[in-house]
Every structure is written in C-alpha cells, then in structure tokens.
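In what follows, a single structure is set out as structure tokens and then discussed.
The values are calculated or read from the model by the stated rules, or taken from the named source; none is laboratory data. Note that the structure is a prediction, hence the values are computed from the model and not measured. Methodologically, a virtual Cβ is constructed for each residue, glycine included, from the backbone with ideal geometry; neighbour enumeration extends over all protein chains shown. Note: areas computed on protein heavy atoms with side chains; ligands, DNA, RNA excluded. Shrake-Rupley method; radii C 1.70, N 1.55, O 1.52, S 1.80 Å.
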Amino acid sequence: MLITRQKVLRRFWYATEKLENLKDGPKPFTLLGEKLVLFIDGSGEPAALMDRCCHRTAKLSKGWCDKGLIVCGYHGWSYDRTGQLIDIPQFSPEQVVPRLGVKSYRCKPRYGYAWVCLDEPLADIPEVPEDSDPSFRRIMQFHDDWETSAFRLMENSFDNAHFAFVHRSTFGQIDQPIPEKYEIRETDYGFEAETIVTIANPPQAHRVTGSKEPTTRRHMRNKWFMPFARRLDIEYPSGLRHIIINSATPVDDGRIKLAQILYRNDDEASCSTEELIAWDQVIVEEDRDILESTDPDATMDMARKVESHMPSDRPGMIMRKRLLKLLRDHGEDEISEAVPAVSWPFVPTIVRH
Ligand code: FES
Ligand code: CO
C-alpha cells in the first residue's frame, strides 16, 4: 500500500507538531505528502493551512504570527485560521482586500499535540481517559522522524515474536522465541489485543517496571485505532501502569513522524521523566533500526503472496484485512509497487558441494 496514494487515509486524525513547539512561531509539517503550515491562532488554538502563499507561492512557514494571523515573510500578506486573506500591507486603507485565500484543514489540540485531518473525518481522535485523570502524569516521550512506513510501525506494535530478537539486549529473552498468543477482539475502530508476557528485567529497568526480580510480567492491553494509532496499556504485577499512545503519522510513503506519549500512575520520585525517556529510547531505537530496513510498501492483499507469514503475525494480518476493506468500502483499489521477493510456496534449492 502506497499510503499517500490511498485517499481515504486523509479522512483520519494524525498527531503532527507538539503544541509547545508552535509557541515560538509557525512550523512546516508534511502530512500524507501534503505540505502544511501549523500555527497558533488568536484564540490560542492550533491551525493548519496549505504552506503556500496565494501571492507568489512562498512558504507561509517562513513567516510569523501577528495578532493571531499568519504573516507571509515575503511581502507580508496575512491569513486567518480559515485561510482567508485578511490584509495586504501594500494597499492604502481605502483599497478593499480581495476575497482570496489558501486551503485550510481541520486542526485540534489534544494530548499536547496539534492533530490534523485533511478531509471529512471518518473517526474521532482516539480517547485517552488517563489524560484527564489526576492519578496519571503525561510524559511527552518522542517526536522523531523515522524512515519507514506507518503500516510497518503499526504492525510491529502488535508483533510479539520480535521481542526475543529485536529487543534481546533490553527486555526480550532470546532463549524464549515462542511468543505468547494475543486474544483479539475486533471493534469498529480496529481491534483490542490482550496478552500476558514475561520479560527480562535488567537492573536499569527496575524503577521503570517497579520490580527487582530478574524477570517480570506485563499484562498488555493493546488497541489498534485504524489506520495508524495505537494505545498500549502495560500493567505490571504491582499495579504500576505504563500506557503508551502512538501516532505513526505518515509524512509520505516511506517516512513517519512517530509521536509517543506516555502515561504513568506513579511519580517523579519513583521513576523520573528522564529515566522513563532513557529506557524507552533504547527500545524504540532497536525497533527503528530493524523497521528502517523493511520495505515500506507492504501489500494489504494476502492473495498476492509477496510476503510470507507465521501464526504470530495474526494482528498484522487482521490489519491488512481491515485496511483492504476500508479501501474497498470507499471505492479504492490498493495501490502498491511491492515486487514479489519470493515465490510461494517456496521450494528451497539445495546446493550440494
Ligand atoms: Fe506571500 Fe508575496 S509571496 S506575500
Ligand atoms: Co519493538
């Protein structure tokens, strides 16, 4: 699936820029191949416009904000959050500003991010009840550029078979390659997948997991929100919760902005923000290293047999099935440039020396 070519994916919300980063002026952001400018309007809300001035096409993200308007840095034309042209500074007061403008997009603040939807939304931004629960703290963990596709990141988020290998230096157990099964319940927004896994618990993880045992258990309640958001609720035996919210925001077909927000029901004294970022940073870098080596164009159509599968790939197979249905329900075919790497069933050639 070439993500930018499937129009229905424009009808979902994605976390783009951190609200904190918009305070000092407009910022560019590419979403599904579309070049946007994000800024804070006069009421303090984030806004998203096409990053192209209607005068001489300069990027509005090169400009600045003034009284809630975005000002083009080339000749100073200014626009409001709807994209309407409000002022042409070269005009005398009696000259009427023509009804011109640039395209605007839906943009909402949520969980410390500006969320953007490029077309009529098919679903709301995933709910995170912990965000308004005083027993939880919010940690803005990562906002990173990855050279992979949003689908690969999502699939990996529900893949229990990679822990023993990709995470063998952190929480994976290389001598325990048989993964726990997920119990999966499909929902209207995607699915819920639940499992209990035993993980390695090295000393540097003790304050993160709340345990000093050599191994500990994770009760994982993992939810997939179509197409590219997920919520992973990890509960440790002590009752400690480590809830990760991800938006694998598609920049284009082979790049994402990975937004990761963490909620914890403990305090800074038990485990500091820096410790939590440092521990999860090592883990996400392990994922990044392998995911950036995969082909970003994963086919949704299992009948094409471009990839081969095993039983623990089931969550990823359900994602493929659901995404393919989403495309078909909206009159789209899957657009893919994936080239078969193996013929299947694969008959190995035995070379004898
Ligand atoms: Fe923006 Fe001229 S290009 S004001
Ligand atoms: Co991983």
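If I take R0 = 30 Å and measure r between the Cβ atoms of Arg5 and Arg221 in this structure, what FRET efficiency does the formula 1/(1 + (r/R0)^6) give, to the nearest 0.05? FRET efficiency, Arg5 to Arg221: 0.35.
Computed from label points 7 Å out along Cα-Cβ, the spacing between Ser272 and Lys325 is 4.8 nm.
Modelled label-to-label distance, Asp24 and Thr198, 7 Å Cα→beta-carbon offset: nm? Simple spin-label model gives 4.9 nm for this pair.
Here the gap between Ser238 and Ile178, fully extended at 0.36 nm per residue and compared with their Cα-Cα distance, gives a gain of 19.0 nm.
Axis angle, to the nearest 10 degrees, between helix 273-291 and the longest C-alpha principal axis of the chain: 80 degrees. Once C-alpha pairs closer than 8 Å and six or more residues apart are averaged by separation and normalised to the residue number of the stretch 88-188, the relative contact order reads 11 percent. Taking all protein chains into account, the per residue accessible area for the chain stands at 49 Å² (1.4 Å probe). Estimated at 0.36 nm per residue, the fully extended path between Glu186 and Glu285 surpasses their Cα-Cα distance by 32.7 nm. Its Kirkwood hydrodynamic radius, worked out from the mean inverse distance over all distinct Cα pairs, puts the stretch 132-204 at 15.1 Å.
Here the Debye sum runs over all C-alpha atoms of the chain as equal scatterers in vacuum, and log10 of I(q)/I(0) at q = 0.06 Å⁻¹ comes out as -0.26.
How much FRET efficiency would the formula 1/(1 + (r/R0)^6) give for Asp333 and Val97, where r is the Cβ-Cβ distance and R0 is 51 Å, rounded to 0.05? About 0.70, to the nearest 0.05. Taking 0.36 nm per residue of sequence separation and removing the Cα-Cα distance, the Asp295/Glu147 pair yields an extension gain of 52.3 nm. The chymotrypsin sites (Phe, Trp or Tyr not before Pro) of the stretch 22-91 that DSSP puts in a loop, and whose beta carbon has at most 14 other beta carbons within 10 Å, are Phe91. Modelled this way, with points 7 Å down the Cα-to-C-beta line, the labels at His55 and Gln90 are 0.6 nm from one another. Of all stretches in the chain that contain no trypsin sites (Lys or Arg not before Pro) in a DSSP loop with at most 11 other Cβ atoms within 10 Å, the longest one is 213-351. Globularity index of the stretch 188-322 is 1.17 (Cα radius of gyration / 2.2 N^0.38 Å, N = number of residues). Pair-distance distribution of the stretch 57-156: all C-alpha pairs, bin width 10 Å, starting at 0; shares per bin in whole percent are 11, 28, 28, 21, 9, 2, 0.
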